Amino acid sequence: MAEASEGSTLAMKTVPHSETTTPSAISKLMSLVISDDDLLVEILIRLPDYRCVVQCGLVCKRWFSLIFRCGLYFSHAFNHHHRQKRQLSGSNPLPYTIFLTNPLRHGHMFLTSYDTTTVNLFSKKSKILHGEKRVQQSDDHRSYLEFLGLQDPMIISSCDDLLLVRIGRESRYIICNPLTKQWFALPQRPRSYFNSYGLVCKPNSTTTSSCCKKLGLHYCNCTINFRVVLIGYSKTRRELVTTTFSSETGQWNKSSFFFPLFRWFSWPLTAYACNGILYWPLCQCTWQGILALNPFKDEAEEGRCRLIRLPDEIPSPEDDIFLFARLGVVQGRLRLSEFEPYSHRWSLKTWELNDLSRCDNDHDHGGGDDADWLLVHDVEVKKADKLIVGFFLGLHPEDGDVIFFICNLPRGSRESGGDRDTGESGFYRYHVKRDSFEKICDVPYRDFMLFKYCRSVFTIVHPWLPTKIPELPCV
Amino acid sequence: MSSSSTTTTTTRLLMLKASDGVTFEVEEAVATKLGAINNMVEEEGSEDLICLPNVNGKFLGMVLEWCKKHANNNTNSDKGNDEVNKWWDKEFVMDLDQNTLYHLLMAADYLSGTELVDLLTEKVASMIRGKKVEEIRETFKIKSDFLPGQEEEIRKKNSWAFE
């Protein structure tokens, strides 16, 4: 047969084919690649971060419309590529930023951010994402939040890459994405006494579904809903009072419920948001447990609110447990770390809460306190020196084997003179597996003494695609 | 009539003919790293000679070189080999000039060599990364076609990314 001798021919696709290699031809050739929309998308989703992507939007109209105009296609593809890369390689960590507030003053409701010492810690990738100039200009929370143009912003809660900010002494609340500087003011909240706050967001499942599913994305933050929850305690009625703001209704919704506590807290509690649930460690001298609230559930729904018992191995020391135990969200899972610095060696334990069955499955009964804690670390921290003094700051949001400490290392021998040796204090990264401390930055001794009581540690993790705060419905 | 079809267990050899007439004799396992070839081979009664009128011999050779490296690795895949491959890939794209990069990318796309497209698009992305808008335009010889003021408006709207 005639065709046999000729073999098969791969069907032609109209591809420009040229062998000319003059300089101007070369660049033309490259621009041809770039003019293939599918290939250009493949190239642009491989950029390391969204800052880079936005900059590419300025190259020309075609690039711009590919990135910003084609619905959410590009966003999804970008998200999907980086998530997959992370799953396959086990690395590709997200940038994160940590906000620390001098606690003694933060707790006092009449003091403003002007009176407090605050520190921002940007991870290496976060510095790149923010740009060097912005990082340099952001010494404290106030300068970092300068784009709000409002006096006395005070960070009171965080979720993913969003912050809940209280303005001055007024009860005005702002929700913002500090990276992209997008923000909204929430309407006036109901009058009542609230002392604890929580912000939590969740992907908007109704709008994300079709495009995400096409790409096999199970989770995408391209559109979100959020809740802001304020909690107070009514002494007369011995009840918890909450008010919840919903991004869908644009309104506050007040409710109260009885919660089995022997003693309510007077100190503001920092919320940890994870998988659509807010967790507040309940402690006042002793740690009574963790309050878990799912504000996306209706008040009447079961499992909206419950108390989680701590792992049995956690002792209840007389001292302020907050110096020695911390909650944290690590790669989307709630963790609890506890360390005992009493003996010659510190012991460090970390548990992970197995709470995933509760967040989405409505069939779950909820209401119980039978959460499972999985012990993930049980190690001895080798002390660099007997005199080292260290306190918990928080957990690394991306690396489960890293814990942040604030430490004071003796500078020299204390026996020699009468002068008090203030040592060398700083923020440290502790690597559990390597059993080593790594200094992040110095902290003045005066601040060391304050920050050791630091309860207000807010962490934001910047997803590949910065979260866009949904427009609030006009009410 | 093909004489080699009697030996079914040993690897089948394919002849790939490039646009300039250059032919390559490659093992089926190597050539099927390319999705387009794989589809053709899977068709019943397919020929051993495949013409590729869109790919020049020089670049087809390079594509096949890449396939060979990665086909070998599939058979005895262990972590060490994976590392070697990554290193090899790095070397492969390291000094590609724009002309070669372009032809390889077009060839890989045309032949549906998904993994090779991954590698090459990653390379192009690395040429964009860390560059200012003007430098990107310069690299790819792209002219800005924004109307006056438009560019400034986009910059303002996304000021965070330009600080």
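The values are calculated or read from the model by the stated rules, or taken from the named source; none is laboratory data. Bear in mind that the values here come from a model prediction, so they are computed numbers and not experimental data. Neighbour counts run over all protein chains shown; Cβ positions are idealised from the backbone, glycine included. Accessible surface is based on the protein model in full, side chains and every heavy atom, while ligands, DNA and RNA are left aside. Shrake-Rupley method; radii C 1.70, N 1.55, O 1.52, S 1.80 Å.
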- Could you please let me know if residue A:39 is over 16 Å from residue A:129 (Cα atoms), facing chain B (nearest Cβ under 7 Å) and in a helix (DSSP H, G or I)? yes
- Taking region A:42-65 on its own, how many of its residues are more than 10 Å from residue B:161 (Cβ to Cβ) and either open to solvent by 20 Å² or more (accessible area, probe 1.4 Å) or in a loop (DSSP other than H, G, I, E, B) (or both)? 11
- Is there any pair linking a residue in region A:226-239 that is of a type in the set (Gly, Ala, Ser) to one that is at pLDDT 90 or above, with Cβ under 9 Å and at least six apart or on different chains, and which? A:232/A:243
- Does region A:154-169 contain at least one residue that is part of a loop (DSSP other than H, G, I, E, B) and surrounded by 18 or more Cβ atoms within 10 Å (Cβ to Cβ)? yes
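With the condition kept exactly as written, say whether any residue in region A:12-19 is modelled with pLDDT of 75 or more, more than 8 Å from every other protein chain (Cβ to nearest Cβ) and surrounded by 13 or more Cβ atoms within 10 Å (Cβ to Cβ).
There is no residue in region A:12-19 that is modelled with pLDDT of 75 or more, more than 8 Å from every other protein chain (Cβ to nearest Cβ) and surrounded by 13 or more Cβ atoms within 10 Å (Cβ to Cβ).
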- Query: Pick from A:320, A:298: which is assigned by TED's automatic domain parsing to the domain that holds residue A:377, modelled with pLDDT of 80 or more and either open to solvent by less than 10 Å² (accessible area, probe 1.4 Å) or of a type outside the set (Ser, Thr, Tyr) (or both)?
  - Reply: A:298
- Message: Based on this model, can you work out whether residue A:138 counts as within 14 Å of chain B (Cβ to nearest Cβ), assigned to a loop (DSSP other than H, G, I, E, B) and either surrounded by fewer than 20 Cβ atoms within 10 Å (Cβ to Cβ) or small (Gly, Ala, Ser) (or both)?
- Response: yes
- Message: Could you check region A:114-135 and list, in sequence order, the residues that are in contact (Cβ under 8 Å) with a residue 40 or more places away in the chain, within 14 Å of chain B (Cβ to nearest Cβ) and open to solvent by less than 30 Å² (accessible area, probe 1.4 Å)?
- Response: A:126, A:129, A:130, A:131
- From A:395, A:409, A:353, residue being under 23 Å from residue A:101 (Cβ atoms) and modelled with pLDDT of 60 or more: A:395
- Item | Given (1) at pLDDT 70 or above; (2) of a type in the set (D, E, K, R); (3) open to solvent by less than 40 Å² (accessible area, probe 1.4 Å), number of the condition residue A:421 does not satisfy | (1)
- Item | Filter result for residue A:129 (assigned to a helix (DSSP H, G or I), at pLDDT 90 or above and either under 30 Å from residue A:444 (Cβ atoms) or among the acidic types (Asp, Glu) (or both)) | yes
- Which of the residues spanning region B:37-49 are more than 15 Å from residue B:112 (Cα to Cα) and at the interface with another protein chain (Cβ under 9 Å from one of its Cβ atoms)? B:43, B:46, B:47, B:48, B:49
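Just the residues that are open to solvent by 20 Å² or more (accessible area, probe 1.4 Å) and either under 19 Å from residue A:48 (Cα atoms) or not in a helix (DSSP H, G or I) (or both), please, taken from region A:141-151. So that I can check it myself, show each step before the final result.
Filtering region A:141-151 for residues open to solvent by 20 Å² or more (accessible area, probe 1.4 Å) gives A:142-143, A:146-147, A:149-151.
Scanning region A:141-151 gives A:149, A:150, A:151.
How many of the residues making up region B:13-37 are without any contact (Cβ under 8 Å) to a residue 40 or more places away in the chain and either touching a Ser or Thr at 6+ places or on another chain (Cβ under 7 Å) or of a type in the set (A, V, I, L, M) (or both)?
7
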- Which one is farthest from the other protein chains (Cβ to nearest Cβ) among residues in region A:66-99 that are polar (S, T, N, Q) and buried (at least 19 other Cβ atoms within 10 Å of the Cβ)? A:79
